[in-house]
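*Asks:* Below is one structure. I have some questions about it.
The values are calculated or read from the model by the stated rules, or taken from the named source; none is laboratory data. Remember, it's a predicted structure, so these values are computed and weren't measured experimentally. Positions of Cβ are generated from backbone atoms using ideal geometry, with glycine treated the same way; all protein chains shown enter the neighbour counts.
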């Protein structure tokens, strides 16, 4: 069994509901997303928020089903704009929720592109208040083999039990 472990993304993979809850008390602070080690540009737009219900068969022939919310960020510089506030981000999501059913506990994926390069997929870490802004690091969402991930998780928990 390959020892490549993608389970680290589960530790930082917060849902949209968790993100909104954690930024609620800082509505006036700029919301700065960062990916690839650098912040998105101050003129970024939330160009789309979409929700989906997915059914699949994984590589081990196991049925999978999940809900996922996608937030698309257009990473552009636009004049004198600054990073949008946490409150504005929340208002955009609230507006979408008036028309689209958003499950706050669904898996959250950010799609980020500068309009030239292809979109990349990211999961969100917990927001951190620092230097007068809320910073959310976006971590690349890697492909993984779900049966292998389950096997690794099971064996890791067995190792912890016997060595604790």
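*Asks:* Out of (1) part of a loop (DSSP other than H, G, I, E, B); (2) at pLDDT below 95, the odd one out for residue 28 is which?
*Replies:* Just one mismatch for residue 28, condition (2).
*Asks:* Right, here's the next one. Which ones in the stretch 105-118 are touching a helix residue (DSSP H, G or I) at 6+ places or on another chain (Cβ under 7 Å) and either exposed (fewer than 15 other Cβ atoms within 10 Å of the Cβ) or not in a strand (DSSP E or B) (or both)? Reasoning before the result, please.
*Replies:* So in the stretch 105-118, the residues touching a helix residue (DSSP H, G or I) at 6+ places or on another chain (Cβ under 7 Å) come out as 105-106, 108.
The answer is 105, 106.
*Asks:* Then there is this: Among the candidates 131, 126, which residue alone is over 22 Å from residue 50 (Cβ atoms) and within 21 Å of the chain's Cα centre (by Cα)? If you could, list the steps in order and put the result at the bottom.
*Replies:* Values: 131 fails: within 21 Å of the chain's Cα centre (by Cα).
Every option except 126 fails the conditions.
*Asks:* Can you tell which of 102, 138, 73 is touching a residue at least 40 places away in the same chain (Cβ under 8 Å), crowded, with 16+ Cβ neighbours inside 10 Å and part of a loop (DSSP other than H, G, I, E, B)?
*Replies:* Details: 138 fails: part of a loop (DSSP other than H, G, I, E, B); 73 fails: part of a loop (DSSP other than H, G, I, E, B).
Criteria check complete, one pass: 102.
*Asks:* Follow-up. Look at the stretch 100-127 and say how many of its residues are in contact with a strand residue (DSSP E or B) (Cβ under 7 Å, 6 or more places away or on another chain) and under 18 Å from residue 73 (Cβ atoms). Lay out the reasoning, then the answer.
*Replies:* So in the stretch 100-127, the residues in contact with a strand residue (DSSP E or B) (Cβ under 7 Å, 6 or more places away or on another chain) come out as 100-103, 106-113, 115, 119-125, 127.
Filter once more, so that each one left must be under 18 Å from residue 73 (Cβ atoms): 100, 102, 106-113, 115, 119-125, 127.
The qualifying residues number 19.
*Asks:* Another one. Would you point out the residue of the stretch 37-55, among those that are modelled with pLDDT under 95 and loosely packed, with under 12 Cβ neighbours inside 10 Å, that is farthest from residue 132 (Cα to Cα)?
*Replies:* If we take residues in the stretch 37-55 being modelled with pLDDT under 95 and loosely packed, with under 12 Cβ neighbours inside 10 Å, then 37 is farthest from residue 132 (Cα to Cα).
*Asks:* Go over the candidates 157, 67, 90 one by one and state the one that is at pLDDT 95 or above and over 24 Å from residue 34 (Cα atoms).
*Replies:* Working: 157 fails: at pLDDT 95 or above; 90 fails: over 24 Å from residue 34 (Cα atoms).
Only one candidate qualifies: 67.
*Asks:* Exactly one of (1) within 25 Å of residue 26 (Cβ to Cβ); (2) within 17 Å of the chain's Cα centre (by Cα) is unmet by residue 98. Its number?
*Replies:* (2)
*Asks:* Just the residues that are part of a loop (DSSP other than H, G, I, E, B) and under 17 Å from residue 70 (Cβ atoms), please, taken from the stretch 81-99. Before you say what the answer is, go through the steps one by one.
*Replies:* Applying the first criterion (part of a loop (DSSP other than H, G, I, E, B)) to the stretch 81-99 yields 81-84, 98-99.
Listed by number, the list holds a single entry, 99.
*Asks:* While we're on this one: Evaluate the following for residue 147: is it touching a helix residue (DSSP H, G or I) at 6+ places or on another chain (Cβ under 9 Å) and either closer than 21 Å to residue 26 by Cβ or not in a strand (DSSP E or B) (or both)?
*Replies:* On the way: touching a helix residue (DSSP H, G or I) at 6+ places or on another chain (Cβ under 9 Å): no; either closer than 21 Å to residue 26 by Cβ or not in a strand (DSSP E or B) (or both): yes.
Against the criterion (touching a helix residue (DSSP H, G or I) at 6+ places or on another chain (Cβ under 9 Å) and either closer than 21 Å to residue 26 by Cβ or not in a strand (DSSP E or B) (or both)), residue 147 does not qualify.
*Asks:* A further question follows. Assuming residue 10 fulfils every condition listed in (1) surrounded by 13 or more Cβ atoms within 10 Å (Cβ to Cβ); (2) at pLDDT below 90; (3) under 14 Å from the mean Cα position of the chain (by Cα) apart from one, which condition is it?
*Replies:* It is condition (1) that residue 10 fails.
*Asks:* For the structure I just gave you, tell me whether residue 19 is in contact with a helix residue (DSSP H, G or I) (Cβ under 6 Å, 6 or more places away or on another chain) and either surrounded by fewer than 16 Cβ atoms within 10 Å (Cβ to Cβ) or at pLDDT 95 or above (or both). Before you say what the answer is, go through the steps one by one.
*Replies:* Details: in contact with a helix residue (DSSP H, G or I) (Cβ under 6 Å, 6 or more places away or on another chain): no; either surrounded by fewer than 16 Cβ atoms within 10 Å (Cβ to Cβ) or at pLDDT 95 or above (or both): yes.
Considered against the rule, which asks whether it is in contact with a helix residue (DSSP H, G or I) (Cβ under 6 Å, 6 or more places away or on another chain) and either surrounded by fewer than 16 Cβ atoms within 10 Å (Cβ to Cβ) or at pLDDT 95 or above (or both), residue 19 comes out as no.
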